[in-house]
Amino acid sequence: MFKELRDEFSEKLEKVSVNLEKSCWDFYTNSTPENMQKYEIAQNEYSDLFKDKKIYEKFLETDKNKLSEHEQKQLKNLLKEFDEELNTGEELKALRKKENEIAKKYNSYIPKIDNKEVTKTEITKIIQTETNPEIRKKAYEAKIKGGDLIAGDLTEFVRMRNDYAKTKGYDSFFEYKLKEEYEVDAVFLDKLISEVYSKSGERIKEIQNKKQNELKKFFGADVLESYHYGFLLDSSREVNEYLKDKDITEISKKMYKNMGYDVEKMIEEGRLTLDLYPRKGKNTHGFCFGVEAGKDSRILANLMNNVLSLDTLNHEMGHCVYDLGISTKLPFLDRKASSPAVTEAVAMMMGDIIKREDVLKDIVPFELLEKFKALYIEDEVSFVSKSLLIIEFEREFYKNPDEIPAELWNKLRGKYLGRFNNEDNEWATIPHYLSHPAYYQNYFRANLMKVQIYNYLKSRLGNITENSSTAEFLDKNLFSSGASVEEYDLIKQFTGREFSADDFISLII
């Protein structure tokens, strides 16, 4: 009974879900009022599907005891969506409308330096390479103005979200999303964070102090300001010189082809769409849109020919190969990644790969490449400390939205990054706070997962970017099962070991 009802409902759900993803893609790639309206219509069509009381009552009548554990989870998630729309549909609609309004305002912001328009990608380049502190300061301030523009809206939005969460029995929207959207146990997450921070905290501080002393020496500054950070003093800057005249899309395509993924063929077949360079009205970050598992995946990015952009492209392509590797024979509800953390683990592993293997050996001289690859540990430390900052800020902000967010951000920036600077709205430039609340803990867990996954792959296949059977191995053993296998079960099934922080901690200390 449940399977028939689920599959009948899924036919309708699939249609509106695909339309919603396509509309979202159109809005993010071109934030016009028309596309915003189409996106809102698609959101409403999706929502309306879960306002059918007759179907809801049929699902309610299902005898859970006759279902498998996985089917019970599917039923629970469906009932949750019905309950949200039937009982709090107008509140959800108001939240979506507010989110879209803030996104449009931020996406339409055009930074200026000395009254000259610049892209956010150009600002990133200035932060990474500019040696003149005055120019750096102007670039940083132009970036922060984007945060200033929406900081008040975000604060109001946090309150709106909390009001909604209280109708569902939660004290904050962060807690609500953590449990209901990502099914993450808060106690387990806290334990994981504590374990990583307690065992690697000294190593983190050591590397942070080293980097800060190098920056002080380079800029001749007794005290570092916010605009000093982000400058590439390490070998990444030299590697960028070798990449500046290269087409990084070709580097990425070649890397994936060496693993057995023919990107050009995917594009020709219409399974993969790439929108990779900045323009007005386009979202300024990087995303993968899994429009239809196994059939249609898309990348929005804002690339330059440098290390950061190559990492970004490889990362988003990692999401795509996962999406396209999911079996189309699965029930629709299972045609997605096992969890957000697992797909992020794969994507992050692919982004890292230029510092773990010899992807750039034909472009970058051997000695420089070895120095560049040696940065991997520092990158891991930097990412974890930043993740902890982002996670704790969001959790605390939702607990007390009356606290001044710039003060909270600066306090936690000191705790996790070892830097106290002028209070500003840098926090509001983190895109996930708007579009993916409580999501960043997925990156943190993924960062641990990816090391465990890569170590296993390495033991089986050697360098994965030099083995054309990598694609087949990943598709068969990790991707094809979609969400039919739970995340921690999948990690154990794939690597032969329970998920833990052990591999990551061994790597960095």
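Restricting to helices (runs of 4 or more DSSP H) lying wholly in region 113-204: which have 2 or more residues that are over 24 Å from the mean Cα position of the chain (by Cα) and surrounded by 18 or more Cβ atoms within 10 Å (Cβ to Cβ)? Quick ask: steps written out before the conclusion?
Working: elements: 120-129, 133-167, 173-176.
The qualifying helices (runs of 4 or more DSSP H) are 133-167.
Out of everything in region 417-450 that is in a helix (DSSP H, G or I) and without any contact (Cβ under 8 Å) to a residue 60 or more places away in the chain, what residue ends up being surrounded by the most Cβ atoms within 10 Å (Cβ to Cβ)?
The selected residue is Y440.
Would you please name the residue that is surrounded by the most Cβ atoms within 10 Å (Cβ to Cβ), looking only at residues in region 290-328 that are within 20 Å of E21 (Cβ to Cβ) and of a type in the set (D, E)?
Looking at residues that are within 20 Å of E21 (Cβ to Cβ) and of a type in the set (D, E), I get D323.
If you check E394 against the conditions, is it acidic (D, E), within 30 Å of K246 (Cβ to Cβ) and touching a His at 6+ places or on another chain (Cβ under 9 Å)?
no
The conditions are (1) at pLDDT below 95; (2) closer than 18 Å to A428 by Cα, and T167 fails exactly one of them. Which is it?
Failed condition: (2).
Of all residues in region 32-59, which are surrounded by fewer than 16 Cβ atoms within 10 Å (Cβ to Cβ), β-branched (V, I, T) and assigned to a helix (DSSP H, G or I)?
Selection gives I41 alone.
Among the residues of region 390-409, are any crowded, with 21+ Cβ neighbours inside 10 Å and aliphatic (A, V, I, L, M)?
yes
The values are calculated or read from the model by the stated rules, or taken from the named source; none is laboratory data. What you see is a predicted model, and the numbers here were worked out from it, not measured in a lab. All Cβ positions, glycine included, derive from the backbone under ideal geometry; neighbour counts span all protein chains shown.
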